[in-house]
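Note sheet for the following structure.
The values are calculated or read from the model by the stated rules, or taken from the named source; none is laboratory data. Note that this is a predicted model, so its numbers are computed, not measured. For neighbour counting, all protein chains shown are included, and Cβ atoms are generated from backbone atoms with ideal geometry for every residue, glycine included. Just so you know, the surface numbers come from the protein's heavy atoms only, side chains and all, with ligands and any DNA or RNA stripped out. Shrake-Rupley method; radii C 1.70, N 1.55, O 1.52, S 1.80 Å.
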Amino acid sequence: MPDVWIRFNSEDRRRYWWRNGIVAFALTGAMVAMSLSVQGPGGWWLVWGFGVFCVTMVCGAIRSIYGRVLLTATGLEFHTLLRKRSIPWSEVAGIERRSRVVRSGVWWDLRVVRVDKRSLTVPGTFTNRVMDMELERKQAVIHAYWSSAIDG
């Protein structure tokens with residue numbers, strides 16, 4: 001089987017950038033308002049803490065939007081913002097869909113369940129659509145590669 005990338009398409013990346021951009025803009029506005037209202041040196045720790053939170057949120061958004069996985073005959077290669085990691089198919093115990101309920105709704109993503117190790121979220125698979133055919137397709141492709149490597 002030829003190598004296949006699992007990642008967001010350009011339309012999904014643009015949609016998630018808009019969503020995260022609005023939140024980042026609102027947080028930046030709140031940080032500016034806080035910095036303008038700080039009286040004396042004692043309140044600056046709150047502004048710095050809020051700034052670190054904003055940077056962490058933006059880095060997490062970049063990691064989840066631009067992260068991708070390469071499916072090969074030998075395993076999965078995770079390519080994220082700061083890291084590249086390979087997982088052989090022999091370590092994979094299953095591919096599962098996970099749902100998380102948050103205030104904005106229900107979000108789904110795919111996880112690689114590993115033997116005797118922690119599960120890993122597959123970048124480029126989170127969605128809030130109820131019946132997302134793209135997520136179904138990605139799960140089927142990962143499962144097909146895993147099955148052919150184990151059976152074959």
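The residue that is nearest to Val4 (Cα to Cα), among those in the range 98-122 that are touching an Asp or Glu at 6+ places or on another chain (Cβ under 9 Å) and not in a strand (DSSP E or B), is Val122.
The C-beta contact set for the range 93-121 (first residue touching a residue at least 40 places away in the same chain (Cβ under 8 Å) and open to solvent by 70 Å² or more (accessible area, probe 1.4 Å), second residue hydrophobic (A, V, I, L, M, F, W, C) and part of a strand (DSSP E or B), distance under 9 angstrom, 6+ apart or interchain) comprises Arg97/Trp108; Arg97/Leu110. Restricted to the range 9-53, and to residues that are within 30 Å of Lys138 (Cβ to Cβ) and among the hydroxyl-bearing types (Ser, Thr, Tyr), which residue is most open to solvent (accessible area, probe 1.4 Å)? Among them, the one singled out is Ser10.
What about Ser64, is it assigned to a helix (DSSP H, G or I), free of Cβ contacts under 8 Å to residues at least 12 places away in the same chain and open to solvent by less than 60 Å² (accessible area, probe 1.4 Å)? Write out each step before concluding.
Numbers: assigned to a helix (DSSP H, G or I): yes; free of Cβ contacts under 8 Å to residues at least 12 places away in the same chain: no; open to solvent by less than 60 Å² (accessible area, probe 1.4 Å): yes.
It is false that Ser64 is assigned to a helix (DSSP H, G or I), free of Cβ contacts under 8 Å to residues at least 12 places away in the same chain and open to solvent by less than 60 Å² (accessible area, probe 1.4 Å).
Of the numbered criteria (1) open to solvent by less than 40 Å² (accessible area, probe 1.4 Å); (2) in a loop (DSSP other than H, G, I, E, B); (3) out of contact with any Asp or Glu (no Cβ under 6 Å at 6 or more places or on another chain), the one Thr125 fails is (3). Residues Ser99, Ser147: which one is among the small types (Gly, Ala, Ser), over 22 Å from Ala26 (Cβ atoms) and in contact with a strand residue (DSSP E or B) (Cβ under 7 Å, 6 or more places away or on another chain)? Being among the small types (Gly, Ala, Ser), over 22 Å from Ala26 (Cβ atoms) and in contact with a strand residue (DSSP E or B) (Cβ under 7 Å, 6 or more places away or on another chain) holds for just one of Ser99, Ser147, which is Ser99.
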